């Protein structure tokens with residue numbers, strides 16, 4: 001699978017900002033309008049959407065500070081993979097990705113309990129399961145969660161075919177890739193941590209891909225850098 005260059009993909013960033021709010025505010029049978037604005041410790045503003053009985057943030061978390069104002073360590077070098085403490089980074093160590101994809105956090109930051117803005121929390125595995133079930137189950141929910149359009153058509157951020165993407169939920173899931181030893185899969189896959197531990201070195205995450213409508217729930221190394229979504233307390 002060929003990787004698109006940063007220059008080409010970033011040229012879509014402003015388009016992405018516009019379609020994020022267009023898609024994110026869409027009403028459908030799966031969601032209600034996004035009307036609530038939430039601010040994190042950095043002053044970033046997020047919007048919310050009600051999906052079933054849950055209120056989710058429409059955007060990935062971008063904060064560089066915990067909700068008590070304490071800074072989260074920014075780690076851009078290769079020490080990332082050996083960390084057992086909290087850290088964040090930007091995809092490819094490039095802060096220009098922040099407006100669309102937010103930050104990538106390791107699970108130690110998620111597990112701090114103070115990463116989400118006050119009144120919200122990092123969604124648990126069970127809360128993701130509730131969302132997925134409401135949207136038709138794990139083989140269908142991805143289409144209702146993913147933002148629409150494709151890179152090739154210059155209409156979105158997922159690679160073609162972005163199969164089944166309708167964003168009827170208003171969740172607006174973007175393909176932010178992830179970080180492990182290297183940064184990978186921007187535009188192809190989106191990964192989100194849950195707040196649920198699996199074992200000594202692993203925790204649960206959910207992810208989606210460009211070529212089907214599935215949502216996968218798996219566990220990964222806590223050192224991986226994934227996006228984060230928050231849900232209302």
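Each reported figure results from applying straightforward, stated rules to the coordinates on display, with no laboratory input. Keep in mind it's a predicted model, so treat the numbers as computed, not measured. Methodologically, a virtual Cβ is constructed for each residue, glycine included, from the backbone with ideal geometry; neighbour enumeration extends over all protein chains shown.
Okay, here's what the table says:
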{"read-out": "Proxy reagent accessibility, fewest Cβ within 10 Å first, across 40, 94", "value": "94, 40"}
{"read-out": "Helix-only [θ]222 nm of the chain, DSSP H runs n ≥ 4, -39500 (n - 2.57) each, per residue, nearest 500", "value": "-4000 deg cm²/dmol"}
{"read-out": "Isotropically averaged projected area of the range 135-217, using the convex hull of Cα atoms (one quarter of hull area), nm²", "value": "5.8 nm²"}
{"read-out": "Efficiency of FRET between residue 36 and residue 155 - r from beta-carbon atoms, R0 35 angstrom, step 0.05", "value": "0.80"}
{"read-out": "Estimated FRET transfer efficiency (residue 94, residue 71; beta-carbon r; R0 25 Å; 0.05)", "value": "0.80"}
{"read-out": "Options (i) 0.92; (ii) 0.96; (iii) 1.14 - which one matches Cα Rg over 2.2 N^0.38 Å as calculated here", "value": "(i)"}
{"read-out": "Extension gain, residue 181 back to residue 126 (0.36 nm per residue minus Cα-Cα distance, nm)", "value": "16.9 nm"}
{"read-out": "Backbone N within the range 101-125 under 19 Å of label point (7 Å from residue 83 Cα along the Cβ vector)", "value": "101-117, 122-123"}
{"read-out": "Burial ordering of 152, 59, 127, fewest other beta-carbon atoms within 10 Å first", "value": "152, 127, 59"}
{"read-out": "Ranking of 200, 85 by count of other Cβ atoms within 10 Å, fewest first", "value": "200, 85"}
{"read-out": "Two-site label geometry, residue 201 and residue 232: point separation in nm, points 7 Å out along Cα→Cβ", "value": "4.0 nm"}
{"read-out": "Choice from 213, 84, 48 showing the highest fluctuation, given a GNM over the chain with Cα pairs closer than 10 Å", "value": "84"}
